[in-house]
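Bear in mind these aren't lab numbers, they're just calculated from the coordinates by the rules spelled out. Since the model is a prediction, treat every value here as computed from it, not as a measurement.
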Amino acid sequence: GNLINSLRENEDLKLLNIRASSLTRRQTGSFEHNVVGLKIHVVGPDRPGMLAIITEKIAQRRMSIEDITTEIRWGKDDRRDFVITAEVVASVKMDQEHLDSLLDEFQGLKEELNLSVVDIRVHM
């Protein structure tokens with residue numbers, strides 16, 4: 001409402017050619033209430049398909065990615081590191097067995113992808 005109109009009508013911003021509109025969440029199916037949130041942060045040598053492998057693991061667990069960021073950083077010995085940080089939600093309660101299993105899977109990925117960092121934090 002007001003913010004969008006203010007941006008559209010601000011003369012100082014017209015030169016920047018800013019376009020503003022409202023966002024509406026798509027209703028693509030039935031949604032379950034989110035029970036647990038996780039932040040998954042991984043760092044490893046840049047290679048094709050790394051993001052796809054990480055997101056596939058998340059999808060296999062029937063978790064949804066709410067937000068994901070990627071960046072390139074220069075690591076040790078001028079190594080080009082790919083950094084992925086994903087905010088993930090699950091609609092089922094995760095007991096210790098589920099969490100341990102998830103950690104085991106990502107530890108396997110750590111070895112497979114030669115990741116230097118695998119950090120998973122749970123937000124309930």
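For Val92, the residues whose amide H sits under 5 Å from its own are Val35, Val36, ignoring neighbours fewer than 5 places away on the same chain, with H placed 1.01 Å from N.
Restricting to Cα atoms and excluding each atom paired with itself, what does the Kirkwood estimate give for region 64-110 in Å? Don't jump to the answer; show the numbers that get you there.
Numbers: mean 1/r = 0.0771 Å⁻¹.
Roughly 13.0 Å, rounded to one decimal.
Scanning residues 5 or more positions from Ile68 or on other chains, those with amide H under 5 Å from its amide H are Glu87, with H placed 1.01 Å from N in the peptide plane.
Remark: region 76-91, residue by residue, has Karplus-estimated 3J(HN,Hα) of 4, 6, 6, 7, 7, 9, 9, 10, 10, 10, 10, 8, 10, 10, 10, 9 Hz, where x stands for each Gly or Pro and the curve is 6.51 cos²θ - 1.76 cosθ + 1.60 at θ = phi - 60°.
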